[in-house]
Every structure is written in structure tokens, then in C-alpha cells.
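Please treat every number below as a calculation from the coordinates, not as lab data. Treat the numbers as computed from the prediction; the structure is a model and nothing was measured. Cβ atoms come from the backbone with ideal geometry, glycine included; neighbour counts cover every protein chain shown.
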Amino acid sequence: MAKSDSPRVVIIGAGFGGLRAARALAHLPFNVTLIDRNNYHTFLPLLYQVAAAELEPEEIIYPVRSILRPLPNVSFLMAEVSRIDFGRRVAETNATPVSYDYLIVAPGSTTNFFGLQGAEHAYPLKSLDEAIRLRNQILCCFERAAVLSDPEQRRKALSFVIVGGGPTGVEFAGALAELLRGPLRKDYSKLGLRDSKVILLEAAETLLGGLPRRLAVYALDRLCRMGVDVRLNAAVSRIEADAVHLKDGTEVPAETVVWTAGVRGERSAAAWGLPIDRSGRVPVEPTLQLSGHPEVYVVGDMARLEQDGRPLPMVAPVAMQQATAAAYNIRRHASGHPLMPFRFRDPGMMATIGRNAAVAHFAGLAITGFPAWVTWLGAHLIKLIGFRNRLIVLTNWAWDYFLYERAVRLILPTASCREPGRIAD
Ligand SMILES: Cc1cc2nc3c(=O)[nH]c(=O)nc-3n(C[C@H](O)[C@H](O)[C@H](O)COP(=O)(O)OP(=O)(O)OC[C@H]3O[C@@H](n4cnc5c(N)ncnc54)[C@H](O)[C@@H]3O)c2cc1C
């Protein structure tokens, strides 16, 4: 059990990595403080369903204090970390400074526009407020289109471009196509379905790079059958308020451009004095320690570590396994044992495309269609925090599945429609 003079561990970020680290240090002789700028944890893999009016925001988030309640030696501080004084071992925040003996840095990542011209016109999909803003924008476009008499303007308002054919882009394209072809077609029956379009742009020659080719081909085929205009080898050169321009000179008219084509380490880390590479991530030792600061561990999207010659991907299993390993190494360090290098065990990858359609790659298996879709649903329900959230999400999914409806087509007052609030490079 922790005493008042037990070593202090500060964890920055209550995401997948930070929460897992807090749990791994629970009931051990450490005084743990978990810091996050929000008082909730966000289940990012279902963020696109908030943007596609499938789920309410509160169904994919959970109060951090509720999660920590059973952990007696872990306390929570809602604050923005502004600076780390590595010499004095203090994390400075906008609320109060917090001293540490060990620090676990897990602030996640943010959208990477790679310096793209006109990035301020794009809608990122990386946080809860961005998802709500995007949902507002989509629904506002339909409201505006309902009163536009010029067919050209109406087509632009109802054209939705998604940049990036990775899992998030594919999942969002499928969910948006189903929203447009189903509930919104019924709501705006006078608009005519022909005017609305979902266009998915991918710079590479396949979707879902990194997955077996058979799965990428399946995803492409399903999206095309759902009416998504998928364009491969389509690299974006700039974005304007009402169009996307491709490197080959093509112009794609659209008022809404969703950017899912890149992530980089959370921006604030550079201001904290951490060394960052070109992808905004912090290179770490195999033990996950920061070079020159053995008391500092970096985990999750923020950490850059190579395995078998390639950087580990920015996905939740990496963050959680690294958090467990960092907590374990802190225990070993505190008891004078040598530290263990981290090795990632890949549990596989999944992406859903739409009703009864998904792809999954795990344990050497590559599965598609209904079995993959059911696996995806089950895995996401289990991982979602909170029984109430699971029940409501399951109800919403069943409602959507059986009635071809979306229960949450609301334009919330939190953000205005034409204010994408984007973070450009
Ligand atoms: C739309 C989307 C879909 C995804 N889908 C999947 C998927 O299907 N499968 C998968 O494995 N991965 C998926 N990912 C990636 C996965 O979510 C990340 O890899 C994972 O969240 C990384 O965990 P983390 O702990 O490093 O950071 P996060 O989970 O992002 O947590 C970081 C936390 O740090 C806090 N924070 C940041 N800066 C500060 C600060 N200055 N002060 C205080 N607090 C701060 C943030 O508020 C946040 O709570 C998805 C990501 C997105 C955006």
C-alpha cells in the first residue's frame, strides 16, 4: 500500500496509455497522479460514429474520476500541462505544479496536415469537439441545400470529400454513405439523392495500406457498391473553401473536406522541452525511457520506437502495452532490478465498412464480410468503458440496423457550421 512518502508517479494523459498505466500502478506502493485537460476518457475508435450521427458524444466518453474511484493510490487532476521542469522534476500545469519521482508522458497525437496549403478549410477528426463540429457541418450542409436554388451550389454543399484511405477514412466514408443514402434521404426527400456524394481520396494505389491486399480489394469493392466514389493515386495538393485540388490538376468541388490522412505527436510536447522527430514523436529507449532522463517514460502515440526496422504504429494496443511495460519498469527500477526492453505483440487490426461488412486481420487470418463485422462489433463493445455506454451503444446500433435510422441527427449548439476550427501546420 502507498504511504505519504512513497515514490510519486505523474502520468500525463488519460487516454489509452495513461489509463492503462494508472491501472497497472494501482494498489502498489506509489502515489500516482493522472493529469488530463479533460475530465473524461475518449474512446477514439468510435469517434467517426459521432461525426456520422450514429452515436451521441457522451456514449463514447467516460468520466476519469469514475474509472479511478476503485484505485486508492491514484488521484486525478484536471489540468493542461504547460511545461516540464526536468531538473526539479515538476510538471507545470494551468492549475498547480505537480512534483514527480517518475513521469509517464502519454499525451497522444494530433492531426498532421504535412504543411498542406488551405488546411484551415479541412475538418480533422481527432477529438470529440472536432467530431461534433463535423457532424454539425454535414447536417447544416443539408439544411442549406434544402433552400438553395442553384443546382451547382447545391451539389457543392452536398459533396463530402474524405482524404485518406486508412481505417478512419474507410470507416467514416462507409458510415457517411449509409447516413446519406438512408436517414438523410428520407429527411430531405425533396433534395434528390443524385445531388449528394461521398468521395474518398487516397494517395496510394490501395486502401488500408498495411493490410493484406485481399482485404483492401474487398473494402474498395464494398465502398463502391455503397455509392462511394473512391479515387486511388489521388494526392491532394491544396484545399479551398469549396474545392479540393489534386496533384494531377483535377479539381473536386466540395464544401466539406474531412482530413484523415495523417497524425503526428501532440504539439504541446515540443513546448515541454521533449526532443521530437519529424513526425512530432519522441524517440525513446527500448525500455521506453527518455534518453538522459531515466525517470521519464514516454508511451503511446507520442513515443517513437522501432521494432524490426519499422516505427511502431500509432494504435491503441501499442499505447496500452507500452503503458503496462513502463509501469512494470518503474516497479523494477524502484526495487533496484534491471529494466526490461519493450516488445509489441500485435493483436491484429479491424475496420468496419458498413452494414454486415468489415475486414479483420489477426492471428494470420484475413476475414471479411459478416464474420468480420460481428467480430468488430463485439471487440468494440467489450473495449468501451462503462456498462451504461455499452448498453446505449448497442441499442443505437440495433436501432440503426433494424430500422435504417440514425437516432442522433442533431445540430448541437456547441460549434457553428462554418467554423471548422482546424489546426494547420
Ligand atoms: C478517429 C480515430 C480512430 C481510431 N481508431 C482506432 C482503432 O480502431 N484501433 C486502434 O487501435 N487505434 C485507433 N486509433 C488510434 C488510437 O486511438 C491511439 O493510438 C490511442 O488513443 C493512443 O493512445 P495514447 O494514450 O497515446 O493517447 P490518447 O488516447 O489520445 O490520450 C491522450 C490524452 O492526453 C491528453 N492530453 C494531451 N495533451 C495534454 C496536455 N497538454 N495536458 C493535459 N492532458 C493532455 C488528452 O486529452 C488525451 O486524453 C484511432 C484514432 C482516431 C483519432
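Values as computed for the structure displayed
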read-out: HN-Hα J in Hz across the range 132-146 - Karplus 6.51, -1.76, 1.60, θ = phi - 60°, x for Gly and Pro; value: 5, 4, 5, 4, 4, 4, 4, 5, 5, 4, 5, 4, 5, 4, 5
read-out: Computed lengthening from Glu251 to Arg278, 0.36 nm per intervening residue step minus Cα-Cα distance; value: 6.7 nm
read-out: Centroid-to-centroid separation of the range 1-16 and the range 201-262 [C-alpha atoms, Å]; value: 44
read-out: Charge dipole of the chain about the Cα centre (unit charges at C-beta), most positive-ward option of Asn136, Thr375, Gly166; value: Thr375
read-out: Between the range 353-374 and the range 142-194, the alpha-carbon center distance in angstrom; value: 26
read-out: Likely footprinting exposure, Arg8, Arg345, fewest C-beta neighbours within 10 Å first; value: Arg345, Arg8
read-out: Amide H contacts under 5 Å for Leu55, placed H, 5+ residues apart; value: Val50
read-out: For the range 270-278, Karplus couplings with θ = phi - 60° (6.51, -1.76, 1.60), whole Hz, Gly/Pro x; value: 5, 5, 7, x, 7, x, 10, 9, 5
read-out: Ascending count of other beta-carbon atoms within 10 Å, so fewest first, for Glu143, Glu285; value: Glu143, Glu285
read-out: Reachable lysines, given that their alpha-carbon falls under 29 Å from the alpha-carbon of Lys197 and they are not under 8 places away in the same chain; value: Lys126, Lys156, Lys186, Lys247
read-out: log10 of Debye I(q)/I(0), alpha-carbon scatterers only, for the range 43-111 at 0.16, 0.22 Å⁻¹; value: -0.80, -1.08
read-out: In order through the range 18-28: 3J(HN,Hα) via Karplus (6.51 cos²θ - 1.76 cosθ + 1.60), integer Hz, x for Gly, Pro; value: x, 5, 4, 5, 4, 5, 5, 9, 5, 6, 10
read-out: At R0 = 22 Å, FRET efficiency that the Cβ-Cβ distance of Asp5 and Thr96 yields, to 0.05; value: 0.65
read-out: Fewest-first sequence of Met340, Met1 by Cβ atoms within 10 Å of each Cβ; value: Met1, Met340
read-out: Rg over Rh [alpha-carbon atoms, Kirkwood Rh] for the chain; value: 0.98
read-out: Given charges at Cβ of Lys, Arg, Asp, Glu: the chain dipole, positive-most of Gly309, Gly336, Ile60; value: Gly336
read-out: Alpha carbon centroid spacing (whole Å) that separates the range 264-291 from the range 84-120; value: 9
read-out: Inter-label distance for Val147 and Ala398, nm, one decimal - labels placed 7 Å from Cα along Cα-to-Cβ; value: 4.0
read-out: In nm, spacing of pseudo-spin labels at Asp346 and Ser237 (7 Å Cα→C-beta vector); value: 3.5
read-out: Between helix 369-383 and the chain: long-axis angle, C-alpha atoms, 0 to 90°, nearest 10; value: 40
